[in-house]
1. May I ask you to give the percent of accessible area on the chain that is carbon plus sulfur, with a probe radius of 1.4 Å?
2. Give me the aspartates and glutamates in straight-line cross-link reach of residue 45: C-alpha distance below 13 Å, same-chain residues under 8 apart excluded.
3. If I model a spin label at residue 50 and residue 101 as a point 7 Å from the Cα along the Cα→Cβ vector, what separation in nanometres do I get?
4. Compute the convex hull volume of the Cα atoms of the chain, divide it by the residue count, and report the result per residue in Å³ as a whole number.
5. Beyond 11 Å, what share of the Cα-Cα pairs of the range 91-131 is found? Please give it as a whole percent.
6. With all protein chains present and a 1.4 Å probe, how do 105, 100 order by accessible area, largest first?
7. Taking a 1.4 Å probe, which of 20, 43 shows the most accessible area, and what order do the others take after it?
8. Could you work out the helix-only [θ] at 222 nm for the chain, with each DSSP H run of four or more residues adding -39,500 (n - 2.57) and the total divided by the number of residues, to the nearest 500 deg cm²/dmol?
Amino acid sequence: MGAFNMINISSSGLTAERLRMDIIAQNIANANTTKTSSGTPYRRKAIVFRETPGNTTFSQVLENTQKGMASGNGVEVVAIKDDISPFKKTYDPGHPDADHDGYIHMPNVDIVFEMVDMISATRAYEANVTAINAAKNMAMKALEIGK
């Protein structure tokens, strides 16, 4: 694996984690949105990642594993899906969106969970930046050896 391949893999992680942080920020911003354009409360969004396929056959993956080479090419976003967990019900008969029993359906966004997820995304982003810097430093040292 070359230095540029390592940078490409980490940069795909940076892109994916940035999108993850954007989705988390959207979830937090809509934590109290009781009515969207479709008439329902905001539904939390979740991002789905997968490894970018590198070697497709089992024999290629096995051969590269035996040689100590990585088999993937980074990460990619497969989809942004709606969380299907139920909405929260809150008793507030004075709210304009309350039903006939006085309950409003609130989004299925848990702020604590979103903040923990944001910290996780931030740490993953920082780890990818560190990996890029390490690959860059290794390339610079290799160039210095050639002098």
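The values are calculated or read from the model by the stated rules, or taken from the named source; none is laboratory data. Source: prediction; values computed, not measured. Glycine gets a Cβ as well: all are built from the backbone with ideal geometry, and neighbour counts include every protein chain shown. Areas reflect the complete protein model, heavy atoms only, side chains present, ligands, DNA and RNA absent. Shrake-Rupley method; radii C 1.70, N 1.55, O 1.52, S 1.80 Å.
1. On the way: 5660 of 9600 Å².
C and S fraction of accessible area: 59 percent.
2. Output for residue 45: 22, 82, 83, 110, 114, 117.
3. 4.1 nm
4. Working: hull volume 20.2 nm³, N = 147.
Output value, Cα hull per residue: 137 Å³.
5. Values: 573 of 820 pairs.
For the range 91-131, the share of Cα pairs beyond 11 Å comes to 70 percent.
6. On the way: 105 80, 100 170 Å².
Ranked from most to least accessible, the order is 100, 105.
7. Numbers: 20 35, 43 65 Å².
From most accessible down to least: 43, 20.
8. Details: 3 runs with 71 residues, N = 147.
Mean residue ellipticity at 222 nm (helix-derived): -17000 deg cm²/dmol.
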